[in-house]
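Some notes on the structure that comes next.
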Amino acid sequence: MKRIAVIMAGGSGERFWPLSRMEKPKQLLPLLSDKIMLEEAIDRINGLIDRQDIYIITSELLVKAIRWAVPTVPSENVIAEPCKRNTAPCLALAAAVIKAKYDGQFADDEISIAVLTADQDIRPVREFRKTVASAMDFIEIDKSICTIGIPPTRPETGYGYLEMSSSWANLNMLGTPEKDQEINILPVKSFREKPDLDTAKVYMESGVHLWNSGMFFFRLDTFCEGMLKHLPEVGSKINDMADEYRDFVSDAYDVDSVNVGYIFEKFPNISIDYGLMEKFEQIYSVTAKFHWDDVGSWDSLERVKCPDQNGNITEGVISEIDCKNTIVVNKTAGKIAVGAIGLDNFVVVVTKDAVLICPKEKVQDVKKCVQELKNNSGNQFV
């Protein structure tokens with residue numbers, strides 16, 4: 001069985017503005033360590049999947065930057081989407097490239113794919129690798145799709161949820177990394193959209209709801225047949241796109257080299273959850289035994305970094321007085337000093353050309369701020 005990893009890395013990371021920009025979004029930033037987040041995602045699957053079998057799907061704008069940032073991945077494996085069409089068309093494009101690349105070497109039912117993301121905090125890595133290996137073992141012998149569900153630790157309204165067919169909490173899944181417990185895989189009853197706060201509280205206490213990690217595992221034939229059945233306007237074009245790629249699979253081509261734009265631009269803007277996962281008959285989930293965080297907005301830093309005795313997280317040249325539970329980040333390389341006085345539950349971020357100030361409870365609205373800047377000033381500051 002040939003194992004492939006597809007890492008989706010096309011997002012613009014707008015909720016991490018002003019540090020995250022169109023040409024250098026959060027997956028290309030060292031938010032959690034001295035490595036960029038994309039490099040950490042690649043390192044996590046080291047030993048499970050060979051580097052030459054890792055594919056990164058991104059935007060045309062980011063292709064060159066990603067090829068430069070992660071030279072251990074073959075440059076021809078960094079694939080540009082012709083335009084932005086959400087995760088279902090993105091993964092259909094990945095399937096087409098994989099079909100073309102391994103044509104004549106492996107049949108579709110001999111290729112298993114791990115769909116991973118480029119911007120999550122996951123540790124310890126050993127537990128993650130064990131979980132991924134178990135999920136891939138499962139889908140390689142069973143014509144199904146598997147995901148990783150995360151036990152909720154708070155009533156989170158920013159994540160989708162998985163409703164399990166039975167309680168994951170009774171499976172003794174959450175042992176310490178030192179305990180080599182058996183990994184259990186359970187059927188997913190339904191996908192639940194991002195809830196309001198009251199519903200999130202119910203989900204957290206239910207014992208049958210998990211956060212949807214956005215990572216998926218399937219055989220290539222399972223995915224293509226599922227897309228053809230449940231999202232035929234996309235699934236019926238996978239082979240056509242593969243035909244366009246066959247002459248280019250060994251080249252570090254640009255988006256204009258392969259003529260799939262005329263196909264891709266007609267696809268609906270639809271997520272893989274809506275387009276396939278919610279309709280597929282055999283969806284399973286492994287319950288994670290590792291720490292996981294989506295690192296989706298500035299307030300997530302307080303879950304992945306160590307605050308001081310007052311709950312503050314600071315970086316750069318900062319003068320902080322009487323602040324509590326506040327994040328202050330100064331990325332001006334010492335050219336500007338930032339003073340923060342009496343702030344409580346705020347986020348302050350300063351870069352060479354932009355300043356963000358907002359209450360923590362409003363960090364999801366940073367995306368709106370970016371859109372307003374685009375409307376007023378074009379792409380100059382985004």
Notebook entry, point to check: Given H placed 1.01 Å from N in the peptide plane, which residues other than close sequence neighbours of residue 12 have an amide H under 5 Å from its amide H?
Noted result: none
Notebook entry, point to check: Tell me which aspartates and glutamates have Cα within less than 20 Å of residue 143's Cα, excluding those fewer than 8 residues away on the same chain?
Noted result: 108, 109, 110, 221, 225, 273, 278, 281
Next item on the list: Calculate one ³J(HN,Hα) per residue across the stretch 17-30 by plugging θ = phi - 60° into the Karplus curve 6.51 cos²θ - 1.76 cosθ + 1.60, and present them in order as whole Hz with x for glycine and proline.
Entry: 5, x, 6, 7, 10, 4, 8, 8, x, 4, 5, 9, 10, x
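Among 372-380, 285-293, how do they line up by average Cβ neighbours within 10 Å per residue, starting with the highest?
Packing order, densest peptide first, comes out as 285-293, 372-380.
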Note to self: Under a Cβ-only charge scheme (Lys and Arg +1, Asp and Glu -1), can you give me the dipole magnitude of the chain about the Cα centre, in debye to the nearest 20?
What the structure shows: 620 debye
Check: In the stretch 335-353, which residues have a backbone nitrogen under 20 Å from the label point lying 7 Å from residue 364's Cα in the Cα-to-Cβ direction?
Finding: 345-348
Item checked: Per-residue HN-Hα couplings for the stretch 152-157 [Karplus 6.51, -1.76, 1.60; θ = phi - 60°; Hz; x = Gly/Pro] -> x, 10, 7, x, 7, 9
Note to self: What is the distance in Å between the Cα centroid of the stretch 48-96 and that of the stretch 332-352?
What the structure shows: 35 Å
Notebook entry, point to check: Going by average Cβ neighbours within 10 Å, how do the peptides 215-228, 31-44 rank, with the highest at the top?
Noted result: 215-228, 31-44
Check: Modelled label-to-label distance, residue 84 and residue 141, 7 Å Cα→beta-carbon offset: nm?
Finding: 4.3 nm
Next item on the list: State, to one decimal in nm, how far the label point of residue 109 lies from the label point of residue 269, with both points 7 Å from Cα in the Cβ direction.
Entry: 3.9 nm
Next item on the list: Mind giving me the FRET efficiency for residue 319 and residue 357? R0 is 22 Å, r the Cβ-Cβ distance, nearest 0.05 is fine.
Entry: 0.90
Notebook entry, point to check: Amide H of residue 295: which non-local residues (sequence gap of 5 or more, or other chain) have their own amide H closer than 5 Å, using H built in the peptide plane?
Noted result: 121
Item checked: Residues of the stretch 108-123 with amide N under 14 Å of a point placed 7 Å along Cα→Cβ from residue 225 -> 108-111
Notebook entry, point to check: What is the set of long-range amide H partners of residue 328 at a cut-off below 5 Å, with H atoms built 1.01 Å from backbone N?
Noted result: 313, 314, 315, 348
Margin query: Quick check for you: which residues of the stretch 263-286 have the amide N under 11 Å from the point 7 Å beyond the Cα of residue 1 toward its beta carbon?
Written below: none
Check: So what is the 222 nm mean residue ellipticity for the chain from helices alone, if each DSSP H run of at least 4 adds -39500 (n - 2.57) and you divide by all residues, rounding to the nearest 500 deg cm²/dmol?
Finding: -7500 deg cm²/dmol
Check: So between residue 306 and residue 375, what do we pick up on full extension, going 0.36 nm a residue minus the alpha carbon distance?
Finding: 21.2 nm
Check: For the chain, what ratio Rg/Rh do Cα atoms give with a Kirkwood hydrodynamic radius?
Finding: 0.97
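No lab work stands behind these numbers, since they all come straight from the coordinates. As the structure is a computational prediction, the values presented were derived from the model and not from experiment. Here the Cβ is made from the backbone with ideal geometry for all residues, glycine too, and neighbour counts use every protein chain on show.
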